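The structure appears right after this line, and notes come after that.
The values are calculated or read from the model by the stated rules, or taken from the named source; none is laboratory data. Keep in mind that what you see is a predicted model, and the values were worked out from it rather than measured. Neighbour counts are summed over all protein chains in view; Cβ atoms, including those assigned to glycine, are modelled from backbone coordinates with ideal geometry. Note: areas computed on protein heavy atoms with side chains; ligands, DNA, RNA excluded. Shrake-Rupley method; radii C 1.70, N 1.55, O 1.52, S 1.80 Å.
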Amino acid sequence: CTISTLWDYNRKWFSGRGSHLAALSALKEILQDLSHKDITFLMKKDILSGEMLTPSINGIFEAPDLETTFRTLKNGITRPDLLLKLNKATTLGKQIFKHYRKYPEKWDPKAFNDWFGKTRRLFDKI
């Protein structure tokens, strides 16, 4: 098989399931350094909730909606450092998710290299 022959499968995977896994990977990289104290704070303040974590446990990236964002700001106002870290994770997660959804339709070395270059730049922000 040639790359052109397999490209449709490759594109479907990266723009579908791959977009969720890439976004979750970015979140993990940013948030894995949270201390137990930070995680406890986020749980007590209902910033990290079962409702929010369930999709990610199932491998689905879901960006917080407006209501969740406002609740996070209100409940986490005493910890701006944590809010900034959460914002960075969410922002990069959304950017990566959207970028993967734009995986090149057809095999074209230039289009793929451009896509991959942007992928690198996004992950380098972590």
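For the chain, the longest principal axis of the alpha carbon atoms and the long axis of helix 109-124 meet at an angle near 20°. With helices as the sole contributors, the chain gives -24000 deg cm²/dmol at 222 nm; each DSSP H run of n ≥ 4 counts as -39500 (n - 2.57), and the sum is divided by every residue.
A simple packing score, the average count of other Cβ atoms within 10 Å per residue, orders the peptides 22-29, 108-115 as 22-29, 108-115, with the highest score first. Taking only the Cα atoms of the chain, the radius of gyration and Dmax are 16.9, 57 Å. Taking Cα atoms only, the orientation of helix 17-31 departs from the longest principal axis of the chain by about 40 degrees. Relative to the longest principal axis of the Cα atoms of the chain, the long axis of helix 80-101 makes an angle of roughly 20 degrees.
Carbon-plus-sulfur accessible fraction, the chain (probe radius 1.4 Å, protein heavy atoms only): 58%.
Normalising the Debye intensity of segment 3-75 to I(0), with uniform scatterers on Cα atoms only, and taking log10 at q = 0.12, 0.16, 0.19 Å⁻¹ returns -0.44, -0.68, -0.87.
The calculated FRET efficiency for Met52 paired with Ser4, based on their beta-carbon distance and R0 = 30 Å, is about 0.15.
This model, with +1 at the C-beta of Lys and Arg and -1 at the C-beta of Asp and Glu, gives the chain a dipole about its Cα centre of some 220 debye.
For the chain, the per residue solvent-accessible surface stands at 66 Å², with DNA, RNA and ligands left out and a 1.4 Å probe.
If the segment from Met43 to Leu66 were pulled out straight at 0.36 nm per residue, it would be longer than the present Cα-Cα gap by 6.4 nm. When the Cα centres of segment 57-84 and segment 15-54 are compared, how far apart do they sit, in Å? What the calculation gives is 10 Å, centre to centre. Within straight-line reach of Lys45, meaning a Cα separation under 17 Å, sit the following lysines at least 8 residues removed in sequence or on another chain: Lys37, Lys74, Lys85.
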